[in-house]
1. Please list, by residue number, everything in region 169-186 whose backbone N is under 17 Å from a paramagnetic label point 7 Å out along Cα→Cβ of residue 155.
2. Using only DSSP helix segments of four residues or longer, with each worth -39500 (n - 2.57), what per-residue ellipticity at 222 nm results for the chain after dividing by its residue count and rounding to 500?
3. How big is the chain by the Kirkwood estimate over distinct Cα pairs, in Å?
4. So, by mean Cβ neighbours within 10 angstrom, what's the order for 239-251, 189-201 with the highest one leading?
5. Once all Cα-Cα distances of region 163-311 are split into 10 Å bins that start at 0, what whole-number percent is in each one?
6. Simple spin-label model, 7 Å along Cα-to-Cβ: residue 194 to residue 233 in nm?
7. As a test question: what accessible area, to the nearest 10 Å², does residue 255 have when a 1.4 Å probe is rolled over all protein chains in place?
8. Given a 1.4 Å probe, how much area per residue of the chain is accessible, in Å²?
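The values are calculated or read from the model by the stated rules, or taken from the named source; none is laboratory data. Keep in mind it's a predicted model, so treat the numbers as computed, not measured. Cβ atoms come from the backbone with ideal geometry, glycine included; neighbour counts cover every protein chain shown. Keep in mind that these areas ignore ligands, DNA and RNA; they rest on the heavy atoms of the full protein, side chains included. Shrake-Rupley method; radii C 1.70, N 1.55, O 1.52, S 1.80 Å.
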Amino acid sequence: LGVRQFGSEIAEENASGSRGTQAASFCEMRCIMHERPVSCVNFSPDGSLLCTASEDKSARVYAVETGELIRQVDHAAAVWHSSFSRDGSLFCTASEDCSVRVYDVSTWELVEMFGHGLAVRSAAISPDNFVICTGAGDSYVRVFDLDGGREIIPKIKHDGWVYSVCYSQDGKYFCSGSGDKLARVFDAESGEALFQAKHGGFVTSVDFSPDGSLLCTSCTDKQVRIFKWETGEELQSLPQCSLAWSAKFCPAGTSICTASGDGYARIYDILSGTLTQQVWHSGPVRAAALSAEGLLSTACQDGGARLFSME
């Protein structure tokens, strides 16, 4: 897979709707290869670990500094999601084999496993590590107690696959994105719906800003959007040249990184919508994440999970 770093080509990108005039570039540090497409990448909160999830039925955890494989978790089918808890002590995976698994990072012992009726596309551990929220192909969002596995609120129905779930950093809210073209925000304690936004296609990812006031979404309608969800205001709509696979806030909350089927991972300023940085790949980028140290990781269709530093 070819990877190029750009700055000058942002002017060309502007012709198709993106905003921005100049960009710093990234330099590729490392490429980790899976045997099938990589569906997800995430950093641990302290930035020392990188986790991946792949259609090759594995989720892996690597040391960012050395590239050493720390742990591999195998499922019976494609793994669509992997991520760390807010304090980095827990690690979860979500798979096509209809299971969600939670591990203790200090021992890598399995803490809990949850079965679902269909493939599970996403999972998020609450900031207090007490519960986990899941989104699955049966159209339901579920919230489970991590101590015993019981569902603590009634399951929430979408009218399509649930592709993404996320908690706010204070744990008061969770959000979901679905094939029914809706992004929704819920009260974490009661499950009450507080906000929803209709999109022009499947909502492929959702994420809260660090302060919880903003929600970003990616969609198959080739748009990435940022909402001030408590008022319903749409702050930004950022056009992509192909379907948008993911959008995620950076740890500081000042920018978002996006992944698109056109081969670009892009970084935008959230207030102005300015395109500030981008990296092009010769195939679709399925996910992207930024660390607090400014490293960028991308999940690629060719089976590569790539790590970049800013030049």
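1. Label zone hits: 176-180.
2. On the way: 1 runs with 5 residues, N = 311.
It lands at -500 deg cm²/dmol.
3. Details: mean 1/r = 0.0529 Å⁻¹.
Answer for the chain: a Kirkwood hydrodynamic radius of 18.9 Å.
4. Details: 239-251: 21.7, 189-201: 14.0.
Those peptides, ordered most packed to least, come out 239-251, 189-201.
5. Bin by bin from 0 Å, the calculated values are 12, 45, 34, 9, 0.
6. Each label point lies 7 Å from its Cα, and together they span 1.7 nm.
7. Looks like 20 Å² after rounding.
8. On the way: 11930 Å² over 311 residues.
Accessible surface, normalised per residue, equals 38 Å².
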